[in-house]
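A short worksheet on the structure shown next.
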Amino acid sequence: MSESPTAPLTTADGVPLKTSLRRAVRRSKLKAFLLVSPLLLFLVIAFVMPIFDMLWRSVDNPEVSSTLPRTVSALEGWDRESLPGEPAFAALVEDLRDGQAARNLGLLSSRLNYEKSGMRSAISRTGRRARNLEPPYREALIELNETWGELDTWKLIQREASPYTLSYYLAAVDRQLTPDGEIVKVPEHLEIHATLFWRTFWMSGVITLMTLLLGYPIAFLLANLPLRYSNLLMILVLLPFWTSLLVRTTTWIAILQSQGVLNDMMVAIGVIADEARWQMIHNKLGTIIAMTHILLPFMILPLYSVMKTIPPSYMRAARSLGGRPFLSFRRVYFPLTIPGIAAGGILVFILSIGYYITPALVGGQSGRFITNYIAYHMQTSLNWGLAAAIASILLFVVIVFYMVFNRLIGVDKVKLG
Amino acid sequence: MTQTLEAATLTRDAVSDDTCFARFTNVQKSYDGVELVVKDFNLDIRKGEFVTLLGPSGSGKTTCLMMMAGFETPTHGEILLKGNPISGLPPHKRGIGMVFQNYALFPHMTVAENLAFPLEVRHLSKEEVKQKVQRALAMVRLEDFGDRRPAQLSGGQQQRVALARALVFEPELVLMDEPLGALDKNLREEMQYEIKRIHASLGVTMIYVTHDQTEALTMSDRIAVFNDGVVQQLAAPDALYEEPENAFVAYFIGENNRLQGEVVERVGDVCSVRLDSGDVVRAKPVAVGGVGSRTTLSLRPERVSIIRDGSALPDNCFTAKVQEVIYLGDHLRTRLSVCGNDEFIIKTPNAEGHGVLRPGQEIEIGWSSADCRALDA
C-alpha cells in the first residue's frame, strides 16, 4: 500500500472516503433490505421460530417442577437411601389436590409414565382421591397405591424436577436413565429408534447411489447433446416437478403392487407364476424405487450444471494425447464432475433422510423412515418432546453432513442450475 | 478448378517423392446430409512441413483438422498418414499431437501432471516421464512452473504448456486449432516466433488452422486458403500474396483494390478491361475468360505510385482525387477517388521527398499492368 496508514483517504471536500462511501450506498442497502423483508419476515415466523421451538421442546421439562412444587422443595436434602419423611408425602398430597383442581395432572402423569411405567395410573388415581386422604399421608398414600412406597418413584420425581432433561434424546437413541442416573440401553423389545435411524441412513445412501448411477449418464447427455434434443430431454427431466408428489408416489403403488401392472405383465409373459408374485411395494424395495424416482431430478440438475461447464475439448485433448476412452473419462472428465456429484449427492441424501410422505405410503412396516416415527410421536403418541428430540438429531446430522461437504468440496463451487 | 490442378501436380510430386507424410484425398464432409462443409479436399503434406489452413470461420478448415485428429469422420474420401489410411483409427491410436483453441489444459492437474498424462498412458517409467516432462518444460521455458495449476498461469504461459503437452510424447504430426486466438497482439506475435522456432528445431510436421492471415504468412511453408469448403489456392506465402489466383484469395490475403469491369481485348500477357466507369485499364490476365467476360481487377495498394514530373510513366495512368489521408507512422494510407471508385487505397512510405497530400487535391497515379491481376468476377 502506498498511502500512509495515518492519513486515511478523503474525498475532495475532506470527508473520509469510507464515510462518504457508506453514505452513498446506504440508500441502496436500505432498498435491498426492504425488497427482501417480506420473505425475511416469513422465514423468521414460519421457519426459524419453529426450529428453535423444536429445539426447545426437545429439552424442555416443566411438568414436575410446575405441578409438584411443594414436593420438589420437600425433597431437597433427601438422603435417597430410604423413603422420604412425612413432610414430602404431605406436600405431594397437597400438590396433587391442587393439580386435580386445576386439571393439569394429565401432562404430569404422561411425562412420568415415559420414565416409569405405572406412574400414569398412580397419579391419576391418587389425584382423584387426594381430597379425601387423611394424615398420616405416608401410610395413606402407600396403602392407596404401592408405587408411592417405592424408592425409585421418589428418585424419579426428584430427578425430573430439573427444568431441562436429556431423557427425550436418550429415548430417541433407545437409551434410558436408571433411577440412579446411569444411562443404559432400553430392553431389546423396546428398541426401535436406533434401527430406524440406521435404516434411514443406509437406505438414503442407497437411494443417493441409485440416483447417481441413473442420473450421471442423463446429465452427460443433457450437457452434450445438440440444443434441440437437450431441451426436450430437460423437459422430460423436469416433468416430474409438474406432477403432484402424491400422484407420483401412488403411481408406483399401481405399478409395483402384487396385483399391479408390473406383476400382471410378468405373469402374462410367464416369467413368474401367478401365486408367486413379487412383493415390490410396502417394503424397503418399494421405498427405494419410489424415492429414487422422485429424487432423481435433484441429482441430475447439479450434475448437469457442472458438466455443462466442462468443454468437450478436454476429452478430445485426452483422447488425442493417447488416452483410451475409459481412461480419459476416469482421469479427466470424472474428476471434473466431482463437485456436481457431491452437490447432487448431498442434496439427495439430505432430502432423503428427511422424506416423509413416500416412505409413509409405500414403505409398509419394513420400509419406514425415522421421519414416519416423528409423525407418529406428533400425531398418535403425542410425545412431542421425543418427536422434537428425533427431529433435532436429524437436523444435527444434516448440519454435520453439510459441514463435511463444505470442508471437502466447498459450497461456493456448487451451482444448482 | 484451380485446386484440382494444384492437387494433380502435388499428387505427381508425391508419387515421385516418398517424403509425402500426410495426405487428404478427395475428402468430403457433411454434417446434415444436405450441405457439404468440405468439398473435395486434397492436400499432400511433406515431412517436416508447416502447412496452414487459412480461411474465414465456417469455411471448413477446422473440420479438416478434426478429421485428421479423428474427432470427425470423412463422409467421403480418405486420409492417409505415412501411406496408411487412418479413417478407421480412433483418435488415441493416431499418435497425433494437438493444440486446442482454448488450450484444453486439464484444470485439476498441475502443469507437470498435464505433461505427464500422454506419457503415463503410454506406460513410460516414472523416471522417463519425469525426464521428458522436464525437457518439454525447458523447451517452452517454463522449467519452474511444473507445480502450478493451469489457472495460475497467464494466457501465454498456458499456451506454451499446451504446446509442450502436444509435443512431449514426440508425435511426428502436430495439429493446431487457432492456438493463438485468445492472446493479445504482442503475445501472439511472440508465440508465432516461438512456435516457428520449435518447429524448426524439432522438425515435426505441423498443420495449423487460423483465420489470421498475418499469422499464416509469417509462420507457414505453405498455406491452403479455404472458402466455402473448397481450397481456393495452395501456395507458399509469397506466391499467395503476390500471385493470388482468384478474387477471394486476393481479397482475403492482404489489402487490395478491386475494380470491376469487362474484358475488351486480350493480347498475350496483357488484357484491356473496360471498367464500369468507362475507363480502360491494362492488366495481367490470370483467371479470366475471353473478350466480353466480366472480371475483377486486383491491385495491391503499395504497387500504385504517384506520378510526379519527370518520373517514368507506367502503362496505366489516371487522374485521382484525394479523399482522405490517414497517418500511420511509417506510411500514409490515402483514399482516392479514381475510375469511379471512391474506395481506392494507396500506401506511400513516410519518407523524405514525399509531398503531403491534402483532401481535395488532384494527383496523377499509375501502375504497371503486370501488378494488376485480372481475376474471376
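The values are calculated or read from the model by the stated rules, or taken from the named source; none is laboratory data. Remember, predicted model here, so these are calculated numbers, not experimental data. FYI the Cβ positions are ideal-geometry reconstructions off the backbone, even for glycines, and counts take in every protein chain you see.
Assorted remarks:
- Subset of segment B:140-167 that is in contact (Cβ under 8 Å) with a residue 60 or more places away in the chain and hydrophobic (A, V, I, L, M, F, W, C) - its residue that is surrounded by the most Cβ atoms within 10 Å (Cβ to Cβ): B:A166
- Meeting the requirement of 1 or more residues that are in contact with a strand residue (DSSP E or B) (Cβ under 7 Å, 6 or more places away or on another chain), the helices (runs of 4 or more DSSP H) wholly within segment A:1-111 are A:17-43.
- Selection count, segment B:75-92, where residues are of a type outside the set (A, V, I, L, M) and in contact with a Lys or Arg (Cβ under 6 Å, 6 or more places away or on another chain): 3
- Segment B:281-300, residues that are of a type outside the set (D, E, K, R) and more than 17 Å from B:D342 (Cα to Cα): B:A283, B:P285, B:V286, B:A287, B:V288, B:G289, B:G290, B:V291, B:G292, B:S293, B:T295
- Residue tally, condition assigned to a loop (DSSP other than H, G, I, E, B) and either within 14 Å of another protein chain (Cβ to nearest Cβ) or out of contact with any Asp or Glu (no Cβ under 9 Å at 6 or more places or on another chain) (or both), over segment B:57-78: 7
- Filtered residues of segment B:222-245 (kept if touching a strand residue (DSSP E or B) at 6+ places or on another chain (Cβ under 7 Å) and over 18 Å from B:D40 (Cα atoms)): B:R222, B:A236, B:P237, B:L240, B:P244, B:E245
To keep it simple, each residue is scored yes or no on (1) within 28 Å of A:E86 (Cα to Cα); (2) of a type in the set (D, E).
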| position | (1), (2) |
| --- | --- |
| A:T147 | yes, no |
| A:W154 | yes, no |
| A:A171 | no, no |
| A:D180 | yes, yes |
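- Only one of A:T147, A:T165 that is buried (at least 17 other Cβ atoms within 10 Å of the Cβ), under 23 Å from A:G77 (Cα atoms), touching a Gly at 6+ places or on another chain (Cβ under 7 Å) and not acidic (D, E): A:T147
- A:P311 surrounded by fewer than 22 Cβ atoms within 10 Å (Cβ to Cβ) and within 14 Å of chain B (Cβ to nearest Cβ): yes
- Here the condition is being surrounded by 20 or more Cβ atoms within 10 Å (Cβ to Cβ), of a type outside the set (F, W, Y) and either under 14 Å from A:A391 (Cα atoms) or within 14 Å of chain B (Cβ to nearest Cβ) (or both); of A:I338, A:I370, it holds for A:I370 alone.
- Test for B:V133: is it farther than 20 Å from A:R316 by Cβ, in a helix (DSSP H, G or I), of a type in the set (A, V, I, L, M, F, W, C) and within 14 Å of chain A (Cβ to nearest Cβ): yes
- Enumeration of residues in segment B:184-207 that are more than 14 Å from B:K47 (Cβ to Cβ) and touching a Leu at 6+ places or on another chain (Cβ under 6 Å): B:R188, B:M191
- Just so you know, in segment B:110-125 the residues that are facing chain A (nearest Cβ under 7 Å) and not in a loop (DSSP other than H, G, I, E, B) include one that is farthest from A:L321 (Cα to Cα), and it is B:F117.
- Considering segment B:39-56, and only residues there that are under 13 Å from the mean Cα position of the chain (by Cα), within 21 Å of B:A250 (Cα to Cα) and in a strand (DSSP E or B), the residue that is farthest from the other protein chains (Cβ to nearest Cβ) turns out to be B:L54.
- Residue match in segment B:183-190 (condition: more than 14 Å from chain A (Cβ to nearest Cβ), at pLDDT below 90 and in a loop (DSSP other than H, G, I, E, B)): yes
- Scanning segment A:316-323 turns up no residue that is among the charged types (D, E, K, R) and away from chain B (no Cβ under 11 Å).
- All positions within segment B:83-109 that are under 24 Å from the mean Cα position of the chain (by Cα) and either within 19 Å of B:V204 (Cα to Cα) or more than 7 Å from every other protein chain (Cβ to nearest Cβ) (or both): B:I96, B:G97, B:M98, B:V99, B:F100, B:Q101, B:Y103
- The number of residues in segment A:125-139 that are in a helix (DSSP H, G or I) and either assigned by TED's automatic domain parsing to the domain that holds A:L386 or surrounded by fewer than 18 Cβ atoms within 10 Å (Cβ to Cβ) (or both) comes to 6.
- Residue in segment B:151-159 that is assigned to a helix (DSSP H, G or I), over 19 Å from B:Y193 (Cα atoms) and either of a type in the set (G, A, S) or outside the structural domain of B:A22 (by TED's automatic domain parsing) (or both) present: yes
- Set B:A224, B:A216, B:A287, B:A236: member being modelled with pLDDT of 90 or more, surrounded by fewer than 21 Cβ atoms within 10 Å (Cβ to Cβ) and aliphatic (A, V, I, L, M): B:A236
- Hits in segment A:158-207 (condition: part of a loop (DSSP other than H, G, I, E, B) and under 17 Å from A:G385 (Cα atoms)): A:E160, A:A161, A:S162, A:P163, A:T165, A:L166, A:V173, A:D174, A:I192
- Residue in segment B:311-329 that is in a strand (DSSP E or B), out of contact with any Asp or Glu (no Cβ under 6 Å at 6 or more places or on another chain) and in contact (Cβ under 8 Å) with a residue 60 or more places away in the chain present: no
- If the condition is being surrounded by 17 or more Cβ atoms within 10 Å (Cβ to Cβ) and among the charged types (D, E, K, R), then segment A:260-305 contributes A:R277, A:K284.
- Filter result for B:S87 (part of a loop (DSSP other than H, G, I, E, B) and under 24 Å from B:A236 (Cβ atoms)): no
- A:I183 being touching a Lys or Arg at 6+ places or on another chain (Cβ under 7 Å) and modelled with pLDDT under 90: yes
- Pair list, Cβ under 9 Å, 6 or more apart: segment B:272-294 residue in the same structural domain as B:Q233 (by TED's automatic domain parsing), other residue at pLDDT 90 or above and outside any strand (DSSP E or B): none
- Contacts under 6 angstrom Cβ, first residue in segment A:328-339 being more than 20 Å from A:L301 (Cβ to Cβ), partner crowded, with 19+ Cβ neighbours inside 10 Å, 6 or more apart: A:S328/A:M315; A:S328/A:A318; A:S328/A:R319; A:V332/A:Y314; A:V332/A:A318; A:V332/B:F106
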